[in-house]
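Data block below; observations after.
What follows is calculated from the coordinates using simple rules that are stated; it is not laboratory data. This is a predicted model, so every value here is computed, not measured. Here the Cβ positions follow ideal geometry from the backbone for every residue, glycine too, while neighbour counts run over all protein chains shown.
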Amino acid sequence: MTGKITFTMIKPSAFAAGHAGQILARIEEAGYRIIALKKVTLSLEQAGSFYEMHQGKPFYDELTAMMSSGPIVAAVLEKENAVEAFRTFIGATDPAKAAEGTIRKLYGKSLSENAVHGSDSDESAARESAFFFSSLEMF
Ligand code: CMP
């Protein structure tokens, strides 16, 4: 499935604000097929493990605390050129710099509370999908 899948999470702030349904609707309207979906609350350790590549960066502690602060929605999505297409669709990491109409512009509050995560490469998409879902749960 390389090249056709990406992984996303609706972050705790967006979930708490009641935006999960709207974000999923926009994702589907944009042509992504949901091939796995779940609601889960990460422990601080699990958030740290998911974002291990950012360990040591100034924003790591804030990011992992925020990501373990409440429920998230994790999903694996399928579309042609999924990683790049989804990153364009959600907008820049910083909601203040995200293009009009993108998910982060519409629902993001700050750099850490930027509404959604999107994989940055096919390798990340595979790792991140496997972090949350078994092969039996992706179809
Ligand atoms: P995400 O796509 O989940 O990947 C890493 C996250 O770190 C990113 O979105 C942001 O929420 C968060 N973050 C906080 N500060 C920064 C920063 N200065 N640069 C990049 N990412 C940041």
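How many residues are among the hydrophobic types (A, V, I, L, M, F, W, C) and under 13 Å from the mean Cα position of the chain (by Cα) when one looks only at the stretch 41-62? Spell out the reasoning first.
Of the stretch 41-62, the ones among the hydrophobic types (A, V, I, L, M, F, W, C) are 42, 44, 47, 50, 53, 59.
Narrowing further to those that are under 13 Å from the mean Cα position of the chain (by Cα): 47, 50.
Matching residues across the stretch 41-62 total 2.
Report the residue count in the stretch 28-68 for those that are closer than 18 Å to Arg104 by Cβ and within 15 Å of the ligand (Cβ to nearest atom).
7
Does the stretch 25-35 include one or more residues that are basic (Lys, Arg) and either outside any helix (DSSP H, G or I) or touching a Cys at 6+ places or on another chain (Cβ under 6 Å) (or both)?
Step one: filter the stretch 25-35 for residues basic (Lys, Arg), giving 26, 33.
In the following step, the residues that additionally are either outside any helix (DSSP H, G or I) or touching a Cys at 6+ places or on another chain (Cβ under 6 Å) (or both) were identified as 33.
Scanning the stretch 25-35 turns up at least one residue that is basic (Lys, Arg) and either outside any helix (DSSP H, G or I) or touching a Cys at 6+ places or on another chain (Cβ under 6 Å) (or both).
Which condition from (1) surrounded by fewer than 16 Cβ atoms within 10 Å (Cβ to Cβ); (2) under 15 Å from Ile90 (Cβ atoms); (3) within 16 Å of the ligand (Cβ to nearest atom) is the one that Thr6 breaks?
Exception for Thr6: condition (1).
Out of the residues in the stretch 88-107 that are surrounded by 17 or more Cβ atoms within 10 Å (Cβ to Cβ) and either touching a residue at least 24 places away in the same chain (Cβ under 8 Å) or away from the ligand (no atom under 12 Å from the Cβ) (or both), which is nearest to the chain's Cα centre (by Cα)?
Here the answer is Ile90.
Quick check: anything in the stretch 78-85 touching a residue at least 60 places away in the same chain (Cβ under 8 Å), over 17 Å from Asp122 (Cα atoms) and within 15 Å of the ligand (Cβ to nearest atom)?
no
I'm checking my understanding of the structure. Among residues of the stretch 96-138 that are assigned to a loop (DSSP other than H, G, I, E, B) and of a type in the set (Ser, Thr, Tyr), which one is nearest to Ala47 (Cα to Cα)?
Per the criteria, the residue is Ser112.
Could you tell me whether Ser69 is hydroxyl-bearing (Ser, Thr, Tyr), surrounded by 13 or more Cβ atoms within 10 Å (Cβ to Cβ), free of Cβ contacts under 8 Å to residues at least 60 places away in the same chain and not in a strand (DSSP E or B)?
yes
Restricting to the stretch 9-37, name every residue that is farther than 18 Å from Thr88 by Cβ and among the hydroxyl-bearing types (Ser, Thr, Tyr).
Ser13, the sole residue that qualifies.
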